[in-house]
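Just below is one structure, and these are the notes that go with it.
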């Protein structure tokens, strides 16, 4: 619907598991983002990729590992997560213009992650 | 510090009435503001934006007002409908990234 798709939509994993979240954008944008959305908290920016280069890592624990093989695809690799990592993980894309950073961002539907 | 907040976490409005959702921002350097709507089970969707050289912008049934003097942003929804039920976020861009507020949940009363 928005041109940004995410899979899976729901994921339950144990603390010792390894899983990956996938995001794909069909909008021709040059920037992609991972956000964490927890109840009653603002959206937390995790990672930013601009032209496939990581430009921001907001002090995210190393158990989250992003990968951006091209400007249309973004992955978030997960391993040895904690129960407090349970949240909605949102991917977004935008057309980044110069050094002003992002303007309008288009979001995917998110992956609802539950860590048991 | 950086913060974008909303005055009320929840707002209940009668169907057909106008809704006003408020947001306070703290960064004077912000020159671009956005309102997003997030329905249950979906990601945030862009509603309307405004640049700091404007104080009002209208869309279809929505109006955004910007008061830079008091760092206040509001979203007005005319003739609120059941489909407007969602969480509404304001966001600001102080120069290099977008910062989101916590959100207001809009309930529509029959």
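The values are calculated or read from the model by the stated rules, or taken from the named source; none is laboratory data. In this text, all values refer to a predicted model and were calculated from it rather than measured experimentally. Virtual Cβ from ideal backbone geometry, glycine too; neighbours counted across all protein chains shown.
Some observations on this one:
- Close pairs (6 angstrom Cβ cut-off, 6 or more residues apart or separate chains): more than 11 Å from residue A:32 (Cα to Cα) in segment A:96-111, surrounded by fewer than 20 Cβ atoms within 10 Å (Cβ to Cβ) and modelled with pLDDT under 90 anywhere: A:101/B:96; A:101/B:97
- Residue identified as more than 8 Å from every other protein chain (Cβ to nearest Cβ), farther than 22 Å from residue A:11 by Cβ and out of contact with any helix residue (DSSP H, G or I) (no Cβ under 6 Å at 6 or more places or on another chain) among A:65, A:94: A:94
- Residues in segment B:18-36 include none that are without any contact (Cβ under 8 Å) to a residue 60 or more places away in the chain, within 27 Å of residue A:109 (Cβ to Cβ), more than 12 Å from chain A (Cβ to nearest Cβ) and surrounded by 13 or more Cβ atoms within 10 Å (Cβ to Cβ).
- For segment A:8-20, filtered to residues that are surrounded by 14 or more Cβ atoms within 10 Å (Cβ to Cβ) and assigned to a strand (DSSP E or B), the residue that is modelled with the lowest pLDDT is A:13.
- Residues of segment A:22-44 satisfying the condition of being at the interface with chain B (Cβ under 10 Å from one of its Cβ atoms) and within 16 Å of residue B:99 (Cβ to Cβ): A:33, A:35, A:37, A:41, A:42, A:43, A:44
- Strands (runs of 3 or more DSSP E) completely within segment A:39-116 that count 1 or more residues being at pLDDT 95 or above and in contact with a strand residue (DSSP E or B) (Cβ under 8 Å, 6 or more places away or on another chain): A:64-70, A:73-79, A:87-94, A:111-115
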